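Read-outs throughout are calculated quantities, based only on the coordinates presented, and are distinct from any laboratory measurement. Because the structure is predicted, anything quoted here is derived from the model rather than measured. So basically every Cβ, Gly included, is an ideal-geometry build from the backbone, and we count neighbours across all protein chains shown.
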Amino acid sequence: MGSNDKANGKVAVVTGAGTGIGRAVALALLEAGYRVALVGRRIEPLNEVAKASGTDRALPVPTDVSNPESVVALFAKVKEVFGRLDLLFNNAGVNAPGVNIEDITFEQWQNVVNINLTGSFLCAQGAIRLMKDQQPQGGRIINNGSISAHAPRPNSAPYTSTKHAITGLTKSISLDGRKYNIACGQIDIGNALTELSARMTKGVPQANGEIAVEPMMDAKEVADAVVHMAALPLSTNVQFMTIMATKMPFVGRG
């Protein structure tokens, strides 16, 4: 697709854009005509996504979302290149090793908190500062929660804790963003097939101690859902959406 085939003029920032859900969402937004800042720690995957998009509307910006200075530089770059911001997809996230809760090291805990929670907060701050000062004022922030924002998997305390915290962050941004015409919603994803989740096709621990293969869904369905949430007028908001593989063991007792 050429650069002028489709352009809606809107600007998005996608964190964790090099792989998985972030990659799928970034490509879907580019397909929908957005100009997109691709954010991640490594430049190579970001460049690959930009190339795969077949447009000149992708801007790779290597960023460590857990580092305040790095995040400030990211949003300064977005303002410099694009002049405004309409959407932040707060997606960057990591997990800790699936070990017993008492065996998780402080460093492993801190790494998950730094990226999943602090990183989302810092990026939200950067987005809000841009959105409140631009004309027309406002924009939208979509946080990637997870099924883990509702229920834990075994041996997932750091990840589950941060994802529950993301729900609080989403609600706070929704409330505090009203005066700036900033909408904030959350998408809670269950079993989208990505590099990170591929292990589930071989079997993952269940609450009863068994190992079971779980149903998966195509990550493109998630990307399409995010594009739908993003396309709504700022007078309308999807506050929480849960999108999941229909038959995954979430609803009920496993």
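Among DSSP bridges having both ends in the chain, what percentage is antiparallel? Round to the nearest 5. Intermediate results must be reported in sequence, preceding the final value.
On the way: 2 of 32 bridges.
Beta bridges within the chain, antiparallel portion: roughly 5 percent.
Close amide H partners of ALA58, meaning residues 5 or more places away or on another chain with modelled amide H under 5 Å apart, are VAL36. Restricting attention to segment 116-218, the count of lysine pairs at 8 or more positions apart or across chains with alpha carbons under 20 Å apart stands at 4. All C-alpha to C-alpha distances of segment 13-111, sorted into 10 Å bins beginning at zero, yield P(r) values of 16, 45, 25, 12, 3 percent in whole numbers.
Can you list the equivalent-ellipsoid semi-axes of segment 47-156, largest first and in whole Å, using the square root of 5 times each Cα gyration tensor eigenvalue? Intermediate values should be presented prior to the final figure.
Details: eigenvalues 182, 51, 39 Å².
Working through the eigenvalues yields semi-axes of 30, 16, 14 Å.
Averaging the sequence gap over all C-alpha pairs within less than 8 Å and six or more residues apart, then dividing by the number of residues, gives segment 1-113 a relative contact order of 27 percent.
What's the whole-number percent of alpha carbon pairs in segment 116-159 lying beyond 14 angstrom?
Working: 562 of 946 pairs.
Tail fraction, whole percent: 59.
Once you reduce segment 139-164 and segment 208-241 to the center of their Cα atoms, the two points are 13 Å from each other. Comparing GLY138, PRO97, PRO62 along the charge dipole axis of the chain, the residue lying farthest to the positive side is GLY138, per the Cβ-charge model.
Can you pull the semi-axes for the chain, root of five times each eigenvalue of the Cα gyration tensor, sorted largest first, whole Å? If you can, show how the numbers build up before the last one.
Values: eigenvalues 173, 76, 64 Å².
Taking √(5λ) for each Cα gyration eigenvalue gives 29, 19, 18 Å.
Under a Cβ-only charge scheme (Lys and Arg +1, Asp and Glu -1), can you give me the dipole magnitude of the chain about the Cα centre, in debye to the nearest 20?
Details: 24 positive and 21 negative charges, 122 e Å.
Charge dipole, the chain, about its Cα centre: 580 debye, nearest 20.
Here segment 1-106 is assigned +1 on the Cβ of each Lys and Arg and -1 on the Cβ of each Asp and Glu. Its dipole about the Cα centre then comes out at about 440 debye. Under a 5 Å amide H cut-off, with hydrogens placed 1.01 Å from N, GLY139 pairs with ILE182, ALA183 among residues at least 5 apart or on other chains. A protection proxy built from the mean count of other Cβ atoms within 10 Å ranks the segments 130-139, 17-26, most packed first, as 17-26, 130-139.
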